[in-house]
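J.: Shown below is the structure under consideration.
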Amino acid sequence: MMTTDSSGDVRLSGIGKTYGSFTAVHPLDLTVPQGSFFALLGASGCGKTTTLRMIAGLEEPSSGTVHLGDQDVTHLPPYKRPVNTVFQSYALFPHLDIFENVAFGLRRRGIKSVKKQVDEMLELVQLGEQARKKPHQLSGGQQQRVAVARALINHPKVLLLDEPLGALDLKLRRQMQLELKRIQTEVGITFIHVTHDQEEAMTMADTVAVMNAGRVEQLGSPTDLYENPQTTFVANFLGTSNLIEAEVDSKTGGEIVVRAGGGKLLLPEARCSASTTTGGKVLVGVRPEKISLAHADDAGEISEARNRITGKIVDSSFIGVSTQYVVDSPACPGFEVYAQNIDRDPRLVPGAEVVLHWSPAHTFGLDAAQDIDAGVETVEEEAA
Ligand SMILES: Nc1ncnc2c1ncn2[C@@H]1O[C@H](COP(=O)(O)OP(=O)(O)O)[C@@H](O)[C@H]1O
Ligand SMILES: [Mg+2]
């Protein structure tokens, strides 16, 4: 068989899944290019696992097709697809040592001389020293690396990972994110990684598909999603956005002038995903780290070219690299501002009257007909 560079592409065409009258995944078109590290990101219940299971062949789609390269695998059973899955529960064989756990896939295929391949895999996941230990003698992170080695030894074209780091504590999770990224770069096969953790998706993936209620809401590189969110859900789910309800005043040379909280702001037309007409509403967004904070007494020193709103500091938390302020403003309650700790102004404390200012270029515009709080994580959701 001739192999081409696209033989590890995953192509989903109109793939969807319903359970009775409930739609878990709306018909979806998605191409994951060979060799990429792709993340499906979204809150619990949005359809990530269902999508992954349809690629693996563990779930029958209600509509659409799955292609791997040129091959239509929609009706192939899981074991006939060049795909392997790593789950959150490592499901290692407890009575077998690490070497035999990794060798399992080869032995099952009747391959006798497994040593070279298993050693290579253990080297890849940096567990060469642990070959003769049993799973329970390893840490959670090490066990998950065994699971990755066991999945990769069959040389799948695509590795699917379903919240593989979910059981690990935060520090180990951060280490494993870098470790998995290194492994993917080294083997060069397509990884599709499911996670509800936006930092994890942004750290690891070349391309992230943000899912919401069974749909891909936006797809792009981490920087593109962060800097150019197209919906309130993406703006709020990836990091934090300040969203201001504004009215379109006028348009001049590529810039939209909007009115909010008694003042005017400039919004580059090219960064506006909403259709805007004069008098119409638009949501104006700006990220917390793009904003400078000045004491009201220094307002005269701020350049006229900056967007500005006034407000009062209601909260500030010092977190080492930065101080995070919450500012109440007529334009927007609970405005968030992250200031790098360089020279701290001792007047910037709760109760202080301040001016927030930022470059119009850092302003984006969203359709006002959306829920302004979509994708905002609540305390209960984070605890779940
Ligand atoms: N076998 C099933 N029967 C009925 N509903 C299901 C089944 N599997 C999943 N669902 C529902 O489909 C939705 C998506 O589930 P899932 O893909 O597991 O979400 P995620 O992995 O993003 O948390 C959820 O609302 C879930 O309850
Ligand atoms: Mg899931």
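J.: Might you work out the accessible area of HIS136 for me, using a 1.4 Å probe with all protein chains in place, and round it to the nearest 10 Å²?
T.: For HIS136, the solvent-accessible surface is approximately 150 Å².
J.: Considering amide H positions built from the backbone, and no H for Pro or chain starts, which residues 5 or more places from ALA368, or on another chain, come under 5 Å of its amide H?
T.: The answer is LEU283.
J.: Ok, one more. What's the extension gain from THR18 to ALA296 if we count 0.36 nm per residue and subtract their Cα-Cα distance?
T.: 94.5 nm
J.: Taking only Cα atoms and a 10 Å spring cutoff, compute GNM fluctuations for the chain and point out the largest among THR195, THR203, THR363.
T.: Maximum fluctuation in the GNM of the chain, among the listed residues, is at THR203.
J.: Nearest 0.05, what FRET efficiency do ARG259 and ARG174 give at R0 = 35 Å with Cβ-Cβ as r?
T.: FRET efficiency, ARG259 to ARG174: 0.20.
J.: Would you kindly state how much longer the chain becomes between LYS281 and LEU58 on full extension, computed as 0.36 nm times their sequence separation minus their alpha carbon distance, in nm to one decimal?
T.: Full-extension gain reported as 75.7 nm.
J.: What accessible area per residue comes out for the range 1-123, rounded to a whole number of Å², with a 1.4 Å probe?
T.: Value for the range 1-123: 52 Å² per residue.
J.: Also, I was wondering about something else. Mind pulling the per residue volume of the convex hull built on the Cα atoms of the chain? Å³ is fine.
T.: Per residue, the Cα convex hull of the chain comes to 178 Å³.
J.: Counting heavy atoms of the protein chains only and a 1.4 Å probe, report the per residue accessible area for the range 161-312 as a whole number of Å².
T.: Heavy-atom SASA per residue in the range 161-312 reads 42 Å².
J.: Not counting ligands, DNA or RNA, and with a 1.4 Å probe, what is THR310's accessible surface area in Å² rounded to the nearest 10?
T.: 80
J.: So, one more: Summarise the accessible area of the range 1-139 (1.4 Å probe, protein heavy atoms) by the percent that is carbon and sulfur.
T.: Summing carbon and sulfur atoms, their accessible area is 52 percent of the total for the range 1-139.
J.: So, one more: Kindly give the semi-axes, whole Å and largest first, of the ellipsoid equivalent to the range 306-384, taking each as the square root of 5 times a Cα gyration tensor eigenvalue.
T.: Working through the eigenvalues yields semi-axes of 23, 19, 13 Å.
J.: Looking at the chain as a GNM with Cα springs under 10 Å, which of GLN34, GLN144, GLN370 has the largest mean-square fluctuation?
T.: Its mean-square fluctuation being the largest, the pick is GLN370.
J.: Among the lysines, which have Cα under 21 Å from the Cα of LYS171 when same-chain residues fewer than 8 positions away are ignored?
T.: LYS181
J.: Amide H of GLU217 versus every other amide H placed in the peptide plane: which residues, excluding those fewer than 5 positions away on the same chain, fall under 5 Å?
T.: Amide H neighbours of GLU217, under 5 Å, 5+ apart: VAL210, MET211, ASN212.
J.: For helix 98-108, what angle does its Cα long axis make with the longest principal axis of the chain, in degrees from 0 to 90 and rounded to 10?
T.: 60
J.: In addition: With charges only on Cβ, +1 for K and R and -1 for D and E, what is the dipole size of the chain about its Cα centre, in debye, rounded to 20?
T.: 1780
J.: How much accessible surface does MET121 have with a 1.4 Å probe, in Å² rounded to 10?
T.: Its accessible surface works out to 20 Å², give or take rounding.
J.: Counting other Cβ atoms within 10 Å, which GluC sites (Glu not before Pro) in the range 281-384 have at most 14 and lie in a DSSP loop?
T.: Hits after loop and neighbour filter: GLU304, GLU377.
J.: Tell me, what ³J(HN,Hα) does each residue in the range 133-148 have, in order and in whole Hz, if you take phi through Karplus 6.51 cos²θ - 1.76 cosθ + 1.60 with θ = phi - 60° and put x for Gly and Pro?
T.: Karplus values, whole Hz, x for Gly and Pro: 7, 8, x, 5, 8, 9, 6, x, x, 5, 4, 5, 5, 4, 4, 5.
J.: Next question. Once neighbouring chains are kept in place and the probe is 1.4 Å, which whole percent of the accessible area of the range 240-370 is contributed by carbon and sulfur?
T.: 50
J.: If a/c stays under 1.5 just call it rounded; otherwise compare a/b with b/c (prolate if a/b is bigger, oblate if not). Do that for the range 186-337, with a ≥ b ≥ c from the square roots of the Cα gyration tensor eigenvalues.
T.: oblate
The values are calculated or read from the model by the stated rules, or taken from the named source; none is laboratory data. Not measured: the values here are computed from a predicted model. Here Cβ is always computed from backbone atoms with ideal geometry, including for glycine, and neighbour counts include all displayed protein chains. The accessibility values were calculated without ligands, DNA or RNA, using every heavy atom of the protein model including side chains. Shrake-Rupley method; radii C 1.70, N 1.55, O 1.52, S 1.80 Å.
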